[in-house]
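No value in this document is a laboratory result; all are computed from the given coordinates. Computed from a predicted model, the values in this text were never measured in an experiment. Neighbour counts run over all protein chains shown; Cβ positions are idealised from the backbone, glycine included.
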Amino acid sequence: MAETVSLVFTGDIGFDKYMDGKWNDEELISDEILDFLHSGDHVVANVEGALVRQEKKEGLQGVQQLVHAMDPDAVKVLGKMGADIWNLCNNHILDAGDEGVRKTLEEAGKFGAKTVGVGMNLNQAKEILYLPDAGGIGLFSIGFRTGCKPAGEAKAGCLLWNEMELIEANIREIKSRCRWCCLIVHGGEEFTSLPSPYVRERYLKFLDMGADMIVAHHPHVPMNYETVGDKVIFYSLGNFIFDTDYQRAQYHTEEGILVKLNFTEENYTWEAVGINIIRGPEHIVKADLPQIFADVQQEEYEKLSPLAAKMFLAATKRQQIYLNPKAFEHKTPQEWEEHFTDPNRRYRVPGEALDFTIIWELAQKEQEGAWKESSLPQVVDYILGQM
């Protein structure tokens, strides 16, 4: 058992659309980024979809474009990255059904990678991965409703983030055996800049349960982080290897963050680098950290969250118009308000995910102008630039 250990976490990885076949591109990931990945003892890759061969379908429209799976040959890139831990908890891991999960777990086994976040049943999905170094580290992964599909006694899927008793039991087990508990979450809202209030509150609750750090995925854009005492939440690392037309309809989907956590038994430190996806050649290179990647504390969050909520409404309008232009591109302001405040809106999970009844009300407070008093002007500029 080593006295120190480091883990590098990636953003979202998907080999669809513009990344299709890029596993054969020796220049896909720049040497600088590979050096950072290889500087860690472990690389935790967020593999967003099943590794299974499927017939390619051209000309998909609307939400049909949001079905993701990867050719197993993509493992070449994971190997080059040194990705020995795959986080598989996400809203696409079951896009190829239970069989896709089984084959992905088989591919991980062939590759020699450990996995977290999915299983052929609930017991497997909630399994903890233990690393013995630096006093011991326990990792597990959870996903949001309704995007991530729940595992059952004999059904493949994920441990969902509303299973608070199971999550707390896992955290307690880890803390009884290890110095460190790292929780990986696939959750939050797509294309927003700051977490919705109910997402932030949920993550803070996980820290209260005993988790030491949270690394989150799903929004496909980089977000802020937040230190809470000696703990930390990374709300989204954005994209790493991912590029689709659905994402190109939004700002900052070509940006991401790599985070390295350095552990000893006494404490931990972290460092981060920015990445940029150069569209066209589809190459991932080192970049400045995104402006949004700042420590947004409670006081600043209260000032900025109405502005971020207003920006999230703008992003969701772009999303809806992209997916269904006929239904949405000519909506009036009144029709948009009715759409967002409808308590029966599709995919809404009250107080948990895509709850636009809360987001809409929060966005109306933007007019009060508290964000103008923020001490984080770079964050303000970043949010305003998307509206």
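For residue 299 and residue 154, FRET efficiency with R0 = 35 Å and r from the beta-carbon atoms, rounded to 0.05? The partial results should precede the final answer.
On the way: r = 48 Å, r/R0 = 1.38.
E(calc), rounded to 0.05, equals 0.15.
Stretching residue 317 away from residue 32 to a fully extended chain increases their span by 98.9 nm, per 0.36 nm per residue minus the current alpha-carbon distance.
Taking the Cβ-Cβ separation of residue 249 and residue 166 as r and a Förster radius of 25 Å, what is the calculated FRET efficiency to the nearest 0.05? Write down the numbers at each step before the final one.
Numbers: r = 36 Å, r/R0 = 1.44.
Calculated transfer efficiency: 0.10.
Just tell me, in residue order, which DSSP H segments of the chain are both 15 angstrom or longer along the helix axis (alpha-carbon based) and at least -1.0 in mean Kyte-Doolittle hydropathy. The answer, listed by residue number, is 164-177, 197-209, 298-323.
Counting helices only, and only those DSSP H runs with n ≥ 4, report the 222 nm mean residue ellipticity of the chain as the sum of -39,500 (n - 2.57) divided by its residues, in deg cm²/dmol to the nearest 500. List each step's numbers first, then the result.
Working: 12 runs with 121 residues, N = 387.
Result for the chain, helices only: -9000 deg cm²/dmol.
If we count every other residue with Cβ under 9 angstrom of residue 279's Cβ, Lys/Arg +1 and Asp/Glu -1, where does the sum land? Before the final figure, lay out the partial values.
Working: positive: 248; negative: 243, 254, 282.
Net charge in that neighbourhood comes out at -2.
The C-alpha radius of gyration of the range 298-384, expressed as a fraction of 2.2 N^0.38 Å, stands at 1.16.
Please work out the FRET efficiency for the pair residue 227 and residue 39, using the Cβ-Cβ distance as r and a Förster radius of 30 Å; give the result to the nearest 0.05. Intermediate results must be reported in sequence, preceding the final value.
Values: r = 23 Å, r/R0 = 0.76.
E(calc), rounded to 0.05, equals 0.85.
Taking label points 7 Å from Cα along the Cα-to-Cβ direction, residue 289 and residue 342 give a separation of 4.1 nm. Taking GluC sites (Glu not before Pro) across the range 165-250, none is in a DSSP loop with at most 11 further Cβ atoms lying within 10 angstrom of its Cβ.
Using Stokes-Einstein with the Kirkwood hydrodynamic radius over Cα pairs, what translational diffusion coefficient do you get for the range 5-287 at 10 °C and a viscosity of 1.306 mPa s, in µm²/s rounded to a whole number?
Working: Rh = 18.6 Å.
Translational D for this selection: 85 µm²/s.
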